[in-house]
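Inspection log for the structure reproduced underneath, given as structure tokens.
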Amino acid sequence: MTGIWSCGRFRLALDPPLVMGVVNVTPDSFSDGGEHFTPDAAIAHGRELAAAGADILDVGGESTRPGSDEVPPADELARVLPVVEALAGPDGPGLPVSIDTRHADVAGPCVEAGASIINDVAGFRDAAMLELAVSCDAGVVVMHMLGEPKTMQDEPEYEDVVREVSAWLAARTAALETAGVAHDRIVIDPGIGFGKTLEHNLALLRGLPELRRVGFPVLVGASRKRFIGALTGEAEPRMRLGGSLAVATTAVLGGAAVLRVHDVAETVQAVRVAAALREG
């Protein structure tokens, strides 16, 4: 895979695929909620992920696990802004920082503080988020989610999940480009686990070549997720490393350009080997 992702002051080569490390500044994320809730702990974790080989640091202050309640944007911003300022600032590790939010009141100040990517799990459906994307030069991640985190897992249904998710992503990216967002700033994410059953998730992972035909690099965020537990019987998210690496390898072989993960060092190894196999 070749290509460049333009993200503010960064131009990120997508070959080999990039590893995006998760920095959750939340008390209730499904995998590591509360573990890095203070700014100092989150900043230290971001530096650890950078040292482990992350290409991007993805900072989020609102859990979007199934059934989660919405966090007021002011509270979310108070959680993430000092972390973004430290990791994206002159004393940070020198990596692009992504802000994982669906609120323009959070994303805007974080971009001003140095964030180079806006990762929107709501797919820039909100007019203010679309307007923000147009007004800056940050990279954008357009993710598909069926409904809202509170209700997205309430019996999600599709006739053809790969076709429908592809069509939705095509429509959202077209809206961004029509509004003025450059093509090379956009990455798409099928939203594994966001309003999908086990069968839907597997179909989307098998269908990555079709998703790529939407015309943008694909990000896959499946690390430690519930469907891996359903397949393996492992109830504890942090014990799902083996399954997460299997998904990462499959995603790379299917053409994914970015992997969003918790276990960076191990995924970097898997990505390098899978990318070499893909090239061969």
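Assorted remarks:
- Compared with the direct C-alpha span, the chain from ALA128 to ALA78 gains 16.0 nm at full extension, assuming 0.36 nm per residue.
- Normalised size of segment 160-244, defined as Cα radius of gyration per 2.2 N^0.38 Å with N residues, equals 1.22.
- What the phi angles of segment 119-128 give under the Karplus curve with 6.51, -1.76 and 1.60, with θ = phi - 60°, is a coupling list of 9, 9, 5, 8, x, 6, 6, 6, 4, 5 Hz, glycine and proline written as x.
- Modelled this way, with points 7 Å down the Cα-to-C-beta line, the labels at LEU198 and SER135 are 4.5 nm from one another.
- Cα gyration tensor shape for segment 211-250, rounded if a/c is under 1.5, else prolate or oblate: prolate
- Modelled spin-label separation between ARG163 and GLU210, with each label point placed 7 Å from Cα along the Cα-to-Cβ direction: 0.8 nm.
- Selected from VAL23, VAL181, LEU241, residue furthest toward positive end of dipole (the chain; charges at beta carbon): LEU241
- Relative frequency of Cα-Cα separations exceeding 13 Å in segment 129-176, percent: 65 percent
- Shape category assigned to segment 137-280 from the gyration tensor of Cα positions, a/c cut at 1.5: oblate
- Taking a ≥ b ≥ c as the square roots of the eigenvalues of the Cα gyration tensor, segment 222-280 is prolate, since a/c reaches 1.5 or more and a/b is larger than b/c.
- Highest average packing first - 7-20, 168-181, 101-114, Cβ atoms within 10 Å: 101-114, 7-20, 168-181
- Using θ = phi - 60° in the Karplus curve 6.51 cos²θ - 1.76 cosθ + 1.60, the 3J(HN,Hα) couplings for segment 131-142 round to 4, 5, 4, 5, 7, 10, 10, 5, x, 10, 10, 9 Hz; x is entered for Gly and Pro.
- Most tightly packed first, judged by the mean number of other beta-carbon atoms within 10 Å of their residues, the peptides 215-224, 115-124 read 115-124, 215-224.
- Directionally averaged shadow of the chain, computed from the convex hull of its alpha-carbon atoms, nm²: 12.7 nm²
- Label-to-label distance, ARG278 versus ALA170, with points set 7 angstrom from Cα along the beta-carbon direction: 2.2 nm.
- Estimated translational diffusion coefficient (Stokes-Einstein, Kirkwood radius over Cα pairs, 10 °C, 1.306 mPa s) of segment 59-137: 126 µm² per second.
- Net charge of neighbours whose Cβ lies under 10 Å from the Cβ of PRO73, counting Lys and Arg as +1 and Asp and Glu as -1: -4
- Stokes-Einstein D (µm²/s) once Rh is taken as the Kirkwood radius of segment 92-146 over alpha-carbon pairs, at 10 °C in 1.306 mPa s: 144 µm²/s
- Given R0 = 35 Å, the distance between the Cβ atoms of THR178 and THR232 translates into a calculated FRET efficiency of 0.25.
- ALA51/GLU148 FRET efficiency (R0 25 Å; Cβ-Cβ; nearest 0.05): 0.10
- Computed [θ] at 222 nm, helices only, for the chain once each DSSP H run of length n ≥ 4 contributes -39500 (n - 2.57): -12500 deg cm²/dmol
- For the chain, the residue among GLY61, LEU169, GLY255 whose Cα projects farthest onto the positive side of the dipole built from Cβ charges is GLY255.
FYI, it's all coordinate maths here, none of it is from the lab. From a predicted model like this one, the values you see are computed outputs, not experimental measurements. Cβ: placed from backbone, ideal geometry, glycine included. Neighbour counts: every protein chain shown.
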